Every structure is written in structure tokens, then in C-alpha cells.
1. Counting only protein heavy atoms and a 1.4 Å probe, tell me what percentage of the chain's accessible area is made up of carbon and sulfur.
2. Mind checking the dipole of the range 271-345: about its Cα centre, +1 per Lys or Arg Cβ, -1 per Asp or Glu Cβ, Debye to the nearest 20?
3. Stick to the Cα atoms of the range 18-78, pair each with every other, and give me the Kirkwood hydrodynamic radius in Å at one decimal.
4. With unit charges on the beta carbons (Lys and Arg positive, Asp and Glu negative) and the dipole taken about the Cα centre of the chain, which residue among G104, H339, F62 sits farthest to the positive side?
5. Would you kindly give the portion of the calculated P(r) for the chain that falls above 31 Å, as a percent of all Cα pairs?
6. Determine the principal axes of the Cα atoms in the range 1-124, then give the extent along each, sorted from largest to smallest and rounded to whole angstroms.
7. Once you wrap a convex hull around the alpha carbon atoms of the range 206-292, what is its projected area averaged over all directions, in nm²?
8. For the chain, the longest stretch holding no trypsin sites (Lys or Arg not before Pro) located in a DSSP loop with at most 11 other Cβ atoms within 10 Å is which?
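The values are calculated or read from the model by the stated rules, or taken from the named source; none is laboratory data. Since this is a predicted model, take the numbers as computed values, not measurements. Please note: Cβ atoms are built from the backbone with ideal geometry, for glycine as well, and neighbour counts cover all protein chains shown. Each accessible area value is taken on the protein alone, full model and side chains, heavy atoms only, with ligands, DNA and RNA left out. Shrake-Rupley method; radii C 1.70, N 1.55, O 1.52, S 1.80 Å.
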Amino acid sequence: MSATLKQGLTADTVRELSEARDEPEWLLERRLDALDALDDLELPDVIQTPGRRWTNLTDLQFDSLVDPLNQSDETERVTAEGVEVLDFETALAEHEELVREEFGSTLDPQSNYLTALSAALFTTGTLIYVPEGVDAEDVKIRTEMRSRSLFSHTLVVTEESASVTILEAIDDEGPTEDDEGRYFSNLVEISAGANSNVQFGSLQDLSEDAYCYTLKHGAAGDDATVDWIEGNFGTQITRSDVETELNGEGSESQIVGAFFGHEDQHFDINARVWHNAEHTTADLVTRGVLDDTARSVYEGVQDVGRDAWDTSSYQRENTLMLSDESEADASPKLIIKNHDTEASHSATVGQVDQQDLFYMTSRGIDGLQARNMLVEGFFVPVLEEIAVEEFRDDVQELVQERLN
């Protein structure tokens with residue numbers, strides 16, 4: 001599969017991308033390193049059982065979808081007082097040393113084939129830099145994809161005792177004319193300084209002929225907090241990885257996920273947290289709904305290191321199926337190397353409770369309306385974890401649109 005793509009992807013292509021953006025030599029070298037690594041890298045790991053691969057990423061037709069030199073987007077960036085929200089070209093001009101130090105410091109661009117591909121080819125990106133002591137809300141990045149393929153990179157750096165709330169949204173112009181689809185890749189890395197607080201919300205609503213791969217990775221310093229909110233509603237196939245390394249004493253992370261699939265959509269959702277220091281806390285919460293022949297795969301991993309004394313780590317995932325043809329698999333995992341740990345995980349897959357449905361219809365509520373009310377109620381535990389009202393409203397609106 002990788003050889004097929006590399007036939008049309010050369011070092012000259014990467015140089016042309018870099019030169020068009022007037023990038024420094026060190027960034028070009030990093031792009032070329034990522035390109036060279038493609039020959040030896042595999043696609044992201046997927047859950048496999050005997051005779052079955054839960055997600056087949058080779059279904060992504062890279063050779064027809066990836067068009068490196070014709071990437072186009074319309075991105076709106078909204079900043080807040082004291083925060084710098086810059087496109088990558090401006091960031092390199094004004095904060096080159098910061099970008100050079102932090103770019104790829106928390107997220108390994110060569111962790112798999114798709115991350116390396118994105119690191120070699122990204123054309124749109126954002127630096128969000130929050131200086132020491134700044135407390136900011138309402139930072140927004142809204143991107144409309146206007147090409148067959150688009151590779152994006154977001155870098156968030158918060159200094160000591162800073163705080164920021166970021167909302168990211170991605171959509172497109174609609175299905176492609178030839179129905180061959182689109183491919184969107186989004187890498188996000190967060191470097192959270194001591195006692196800082198980052199909440200990063202991402203909402204994906206691409207056309208249902210699109211394919212999406214996203215890896216979001218955060219590293220939290222002493223007493224820092226990195227919270228993620230991940231909403232997935234669009235695409236034909238989505239692979240979403242959201243991860244946090246709790247490297248500092250007293251650091252915390254929450255990963256909240258919501259998805260709603262219908263027709264033949266496929267969501268592969270992964271949440272991971274590494275407890276690497278003492279007194280760390282993590283909470284992983286995911287809820288999804290499937291209708292028609294939609295399919296979901298969920299893997300959650302809580303990894304508690306040997307030196308992570310006094311750890312608290314919790315995980316719960318619930319999937320609600322609205323049809324007999326939909327499918328859901330879940331694989332929550334605990335990896336504990338320290339006995340001073342409080343941890344638990346749970347995962348459930350089921351259909352709408354028939355007793356609840358009967359009770360509501362017996363009280364005069366239409367059957368479809370009753371089902372929709374139960375689905376909306378199913379998402380409430382996730383919505384309650386979303387502190388940002390605008391993001392919560394967007395998720396509720398997309399759920400209601402899907403139900404209607």
C-alpha cells in the first residue's frame with residue numbers, strides 16, 4: 001500500500017510545498033525525514049481477533065485521494081486577549097525558535113504511516129501560544145476543506161499558570177463531483193506547562209464520502225490539566241486517536257467523546273492515557289449511537305507506570321444501537337504497574353430499552369419521538385462533561401439533525 005502512494009510522492013513534491021511557504025531549512029529537513037520514513041512504517045494498529053480485523057484502514061484509497069500540490073482550505077482563526085493564534089507561516093516568522101523547539105516534541109511524527117504522511121505534506125496549520133498567567137476563552141479554529149485532500153497540524157503551547165479553551169471545527173463543501181471522496185488528516189499536539197489548563201474541543205462533520213485520520217496528543221506538566229472533547233459525525237471512515245501523557249506530578253486529563261453513525265459509516269475511536277508521575281488523575285468518557293449498517297470500534301487504554309503513585313483512572317464507554325444491522329465493538333484496557341492505584345473501566349453495547357420505550361408510548365408519545373427522546377437522553381452524561389456551552393450546543397444540534 002505504501003509503495004503505491006510513494007510512486008507519485010517524491011522529495012521534489014515535498015520541497016515544492018516547503019518552498020511555496022518560504023519555510024526554514026530545518027522544517028524542510030523534518031518533512032523529508034518523515035517522507036523517508038514511509039517505507040518502514042505501518043498503518044496505525046487496529047484491533048484484531050482470529051480471522052477478523054475490526055477496522056480495515058487499507059480501504060482508504062490513498063493513491064487516488066492524496067493530491068499534495070492541490071490542497072486548499074478556508075480557515076478562520078479567532079483569538080482571545082493575551083493569546084497568539086497564528087497560521088504556521090506567520091508563526092515561523094514571529095516565533096521560529098518556539099516552533100522549532102515544540103513542533104513534534106510531544107507527538108512523534110513518525111509514530112505510524114499516516115502521521116509521517118501528514119508531517120511530510122501538511123499545508124495548513126495553527127500555533128496557539130498562551131504566555132504565562134494568561135487566562136483565555138473562546139479561541140476558535142474553523143476550517144472548511146476545499147480540496148480532495150488536506151493535511152493540517154495544530155500546535156498548542158501554554159506557559160506556567162496559563163489557561164485556554166479552544167474549539168476546532170472541520171467541514172467541507174459537500175461530496176466530491178466524482179464521488180471518489182476526500183481525505184483529511186489532522187495532527188494536534190499540546191505542550192501544557194506547569195499549573196496550566198488546556199481544554200481542546202474538536203468537532204468533525206465532513207461529508208460522508210470523506211475519510212479522516214486524526215491524532216491528538218498532549219503532554220501535561222506539574223499540576224497541569226489537558227482536557228479533550230471529541231465529536232465525530234461525518235465521513236465514511238474515521239480513525240480518531242486522542243492521547244494524554246501525564247508527565248507532571250498532580251497532572252490531570254479528561255477525554256470526552258461522542259459519535260453518531262448512520263448508513264454505512266465506520267468510526268474507529270481510541271482514547272489513551274499514560275500515568276507517568278505521582279498523584280495523577282484521568283477520566284475517559286465516550287458515548288456513541290449507531291443506526292442502519294453503521295459500525296464502531298472503541299479502544300481505551302489506561303497505562304499506570306511504576307512510579308505513578310496515588311493514581312486515579314476511570315474509563316467508561318457506552319454504545320447505543322438503533323438497528324439490528326449496526327455493529328459495535330469495545331475493548332477497554334487497564335495496564336497497571338503500581339499497586340497504589342484506583343482504576344476501573346467499563347463498556348456496554350445495547351439497544352434502546354424496550355421497557356422505557358413502551359412506557360413512553362403508553363403515555364401517548366409517538367414511537368419515533370419517544371425513541372429520539374431516549375437517544376437525546378443517552379448523550380446527556382457526555383454533554384454534562386462539556387463545560388463549553390457553544391460546543392455543547394453544537395453537539396446537541398448535530399444529534400438532533402441526525403435523528404430527524
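1. With neighbouring chains kept in place, the figure for the chain is 40 percent.
2. With Lys and Arg at +1 and Asp and Glu at -1, about 220 debye.
3. 15.4 Å
4. Result: H339.
5. Considering the chain, 37 percent of its Cα-Cα pairs are separated by more than 31 Å.
6. 54, 33, 27
7. 5.0 nm²
8. 1-305
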